[in-house]
1. For region 64-164, which chymotrypsin sites (Phe, Trp or Tyr not before Pro) are in a loop by DSSP, counting at most 14 other Cβ atoms within 10 Å?
2. In the structure shown, do any of LYS102/LYS125; LYS125/LYS157; LYS11/LYS72; LYS11/LYS35 have a Cα-Cα gap over 31 Å, and if so which?
3. How large is ³J(HN,Hα) for each residue in region 80-87, as worked out from phi by the Karplus curve 6.51 cos²θ - 1.76 cosθ + 1.60 (θ = phi - 60°), to whole Hz, x for Gly and Pro?
4. Summing +1 for each Lys or Arg and -1 for each Asp or Glu, what net charge is found among the other residues whose Cβ lies under 11 Å from the Cβ of ILE12?
5. Hey, what do the phi angles of region 113-127 turn into as Karplus ³J(HN,Hα) couplings, whole Hz, using 6.51/-1.76/1.60 and θ = phi - 60°, x for Gly and Pro?
6. What does the charge add up to near ALA98, with Lys and Arg as +1, Asp and Glu as -1, over the other residues with Cβ less than 11 Å from its Cβ?
7. Write down Rg/Rh for region 16-176, rounded to two decimals, with Rg from the C-alpha atoms and Rh from the Kirkwood relation over Cα pairs.
8. Have a look at ALA171, ALA65, PHE146 and report the one farthest towards the positive end of the charge dipole of region 16-176, computed about the Cα centre with Cβ charges (Lys/Arg +1, Asp/Glu -1).
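Quick note: the coordinates plus some simple rules give every number you see, no bench work behind them. As the structure is a computational prediction, the values presented were derived from the model and not from experiment. As a convention, Cβ positions derive from the backbone with ideal geometry for all residues, glycine included, and neighbour counts pool all protein chains shown.
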Amino acid sequence: MLAFTNTTIPKIMESVDFLNIMTYDLSNRRDNVTKHHTGVQNSLEAITSYLERGVPPARANLGLAYYIKWYKTAIDVDCHAEPVGCPTELMEDPNTGADLGKAGAFSWHDQVPDELSVSFHRALKYGTYDKQGGGHYYWDKYERRFWSWDDPKALAKKIPAILTATNLGGAFAWALGEDALRFDHLRATTAALRELSEGASDSAREERIEL
């Protein structure tokens, strides 16, 4: 956020039409506990940081992730009771910044890597939605692997929750091609945005009638 301050944001907004706020990868290799990488609560915190510094809500867009992330949890740590916030292995070399192979990501378009296939299918089958943090997740005790992703149902909850709370102008995704070939997440996104737009139109019509 060094470039985005109360002083610089008004100047930045003079030169751009809108900002796409990348509310994903909100957990990364430098973290040491499991988190939703694109949860509702941490997305709201990120967006609020920009709005408080002067970004007009109508000119900001919510970022959606059409991909999955995973992290290896620490050895000999049972994350069953509290999967979110559980210690991870060291995921990045603190001196060189090198990837230590303890975290990763792939899109819905990608073929699931063979070494992740069994764990990932367990995640799809047994994963759950965190009502407090607002993200889909699963901890695989057999491989000590924490999974974080948004399924279409999570997007249907997330988009109206955040856009209604912040009055943002819209949403975007990284990336449309990553949702191929089924485009389930894209359909969920467009449906949620259409419903919000139609709801806003209904409210405007009701306001005109009352006036």
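1. Listed in order of number, the matching sites are TYR142.
2. Details: LYS102/LYS125 23 Å; LYS125/LYS157 20 Å; LYS11/LYS72 42 Å; LYS11/LYS35 33 Å.
Violating the 31 Å Cα-Cα cut-off are LYS11/LYS72; LYS11/LYS35.
3. 4, 5, 9, x, 8, x, 7, x
4. Values: positive: LYS11, ARG53, ARG59; negative: GLU14.
Computed value for this residue: +2.
5. x, 3, 6, 10, 4, 4, 5, 5, 5, 5, 4, 5, 7, 10, x
6. Working: positive: ARG29; negative: GLU92, ASP93, ASP99.
Net charge in that neighbourhood comes out at -2.
7. Ratio of gyration radius to Kirkwood radius: 0.98.
8. Final value for the positive-end residue is ALA171.
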